[in-house]
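Q: Pasting a structure below so you can have a look.
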Amino acid sequence: MLSLENITNAVHEWLNATLNPNLALLSEFLIVGVLAIALFAVLGLSLVLMERKVAAFIQIRLGPNRVGPFGMFQTVADTLKLIMKEGLTPDGADKFLFNLAPYIVMIAAMMLLAPIAFAKGFQIWDINIGVLFLTAVSSISVIGILMAGWASNNKYSLLGAMRSGAQIVSYELSAGLSIITIVILTGSLQISDIINAQANGWWIFKGHIPVLISFVIFIIAVTAETNRAPFDLAEAESELTAGFHTEYSGMKFALFFLAEYINIFIACAIGATLFLGGWMPFHIGHWEAFNHIMDFIPSSFWFIGKTFFLIFLMMWFRWTFPRLRIDQLLNLEWKYLLPISLVNLLVVALMAVMGWYF
Amino acid sequence: MFIIDYIKDIFKGLKSLLTGMRVTGYYFTHHKEIITEQYPDNRATLKMADRFRGEVVMIHDENNEHACTGCSACELACPNGTIKIINKFELNAEGKKKKAIDTFIYHLELCTMCNLCVVACPTDTIKMEPNFEHSVYDRSKLTKVLNRPGSKIKAGVE
């Protein structure tokens, strides 16, 4: 049967048979890099279009519908426009940092792809500290944002960058704690282990209410970490004129924009992997026939489906809730999410020790 | 009790968030609620709102007669000099001189669609039309004469 796992194995064997091992590894690096960039391009185009369509339907509008059928090529046209625009660097800016910042943000997003399992046996790098790697690298992007805000030499950009820093430092905590609940239940940091542990049911079903609570906290925290509404004070179009990327234009702006959407995808992919079973099909107990039908759907479809469901959830939040003030933002984290997730962690630890899950 | 208030707060917050999401979720799934007008495409079937004000027109009947007596109440009511009325004197049947309208000049480019002229008109001879396609290449084309050539006042209107 043709599956992504078989294709990658065939390519691996063919490369090793024709080239010497070092060259084979090098060409595999090259293939993975090209695939990652292609994935980024496709995701950037499709997620921006999806966001605009979802926003339009929620606000009783039609959204883009002029370029191509249902406006499908609108984002392609926008990208072409951005490529042709001049990438202006302000006179008073710190030129080196200003030009470096978008690439830092982009590289951080790119590194996050490494441990994510896109389908059964289709994973770039299955390290044994996968989850730790994800949480560690995802906070690098704040350096890029701070760099952009500082180097722009613009008070709005600096304010936006500082807010973004405060926000990410706070929300990393509850995101980390809610990830740890799953690590406790699984007993492993490796992504493939976490997915295999969900073969007989996803954690969100197996873990009862405590895992549901940590799922909700995780979604809130990653929404904040990706700087999306209702936590978009770092950008805050109405007060800070887009915050840290006020001074950016052309392709450098496009890189920030793309990185935002890639980060959403990755955050949702992590959520889908930890709580919704990654590429694992939906199984119900002993319904053999039903489980068999579910197995027939390719694992990559399951993964993409779950991820896009979570992305849709985040878009739904974004177009429903108003933006928080900075004090409300920090109150929510330190007074509500952190205590709740700490208590929740304790309950989950008790559950794991006593074996109170399916 | 502090703890009870705290937990109550959380549930109240969650409930209000879910209420908001139900509203937006309803709109997302019910596309018949969409209110966007796809203007140049639906030009033939476009329905403007009843009270939409696009421009001032003078009502003429099928005999090319209007009810304007040339009293210039509209000119006085206009806050920004949009209307200019030029009168003439013509002899009526009894040989008496009588005031009548010669030209009703309407500067669409100055008009704010405030409707005060229509309210001021004692004979209801002018009204607002919902036509909004006013773009022209020359500003002078927006200065319009509202009474049609050869039109005259209706009999019996004083």
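The values are calculated or read from the model by the stated rules, or taken from the named source; none is laboratory data. Keep in mind that this is a model prediction, so the values were computed, not measured. All Cβ positions, glycine included, derive from the backbone under ideal geometry; neighbour counts span all protein chains shown.
Q: Determine whether residue B:77 is in the same structural domain as residue B:146 (by TED's automatic domain parsing), over 21 Å from residue B:143 (Cα atoms), touching a strand residue (DSSP E or B) at 6+ places or on another chain (Cβ under 9 Å) and surrounded by 12 or more Cβ atoms within 10 Å (Cβ to Cβ).
A: Criteria not met by residue B:77.
Q: More than 24 Å from residue A:144 (Cα to Cα), modelled with pLDDT of 85 or more and within 14 Å of chain B (Cβ to nearest Cβ): which single residue out of A:57, A:29 fits that description?
A: Being more than 24 Å from residue A:144 (Cα to Cα), modelled with pLDDT of 85 or more and within 14 Å of chain B (Cβ to nearest Cβ) holds for just one of A:57, A:29, which is A:57.
Q: When you scan the stretch B:1-60, how many residues do you find that are among the aliphatic types (A, V, I, L, M) and within 12 Å of another protein chain (Cβ to nearest Cβ)?
A: 10
Q: Let me ask something additional. Could you tell me how many of the residues in the stretch A:139-165 are surrounded by fewer than 24 Cβ atoms within 10 Å (Cβ to Cβ) and touching a Leu at 6+ places or on another chain (Cβ under 7 Å)?
A: Our first condition is that a residue be surrounded by fewer than 24 Cβ atoms within 10 Å (Cβ to Cβ); within the stretch A:139-165, this holds for A:139-140, A:142-143, A:146-147, A:150, A:153-156, A:158-159, A:162, A:165.
Still in the list and also touching a Leu at 6+ places or on another chain (Cβ under 7 Å): A:147, A:150, A:156, A:159, A:165.
Within the stretch A:139-165, residues that are surrounded by fewer than 24 Cβ atoms within 10 Å (Cβ to Cβ) and touching a Leu at 6+ places or on another chain (Cβ under 7 Å) number 5.
Q: Do the conditions hold for residue A:206, that is, is it touching a residue at least 60 places away in the same chain (Cβ under 8 Å), surrounded by 19 or more Cβ atoms within 10 Å (Cβ to Cβ) and of a type in the set (D, E, K, R)? Spell out the reasoning first.
A: Numbers: touching a residue at least 60 places away in the same chain (Cβ under 8 Å): yes; surrounded by 19 or more Cβ atoms within 10 Å (Cβ to Cβ): no; of a type in the set (D, E, K, R): yes.
Here the answer is no, as residue A:206 does not meet what is asked.
Q: Return a yes/no flag: does the stretch A:100-115 have any residue that is touching a Phe, Trp or Tyr at 6+ places or on another chain (Cβ under 8 Å), surrounded by 22 or more Cβ atoms within 10 Å (Cβ to Cβ) and outside any helix (DSSP H, G or I).
A: yes
Q: So, one more: So, in the stretch A:317-338, how many residues would count as being within 11 Å of chain B (Cβ to nearest Cβ), of a type in the set (D, E, K, R) and more than 23 Å from the chain's Cα centre (by Cα)?
A: So the count comes out to 1.
Q: So if I check each of A:292, A:283, which one is more than 14 Å from chain B (Cβ to nearest Cβ), in contact (Cβ under 8 Å) with a residue 40 or more places away in the chain and more than 29 Å from residue A:140 (Cβ to Cβ)?
A: A:283
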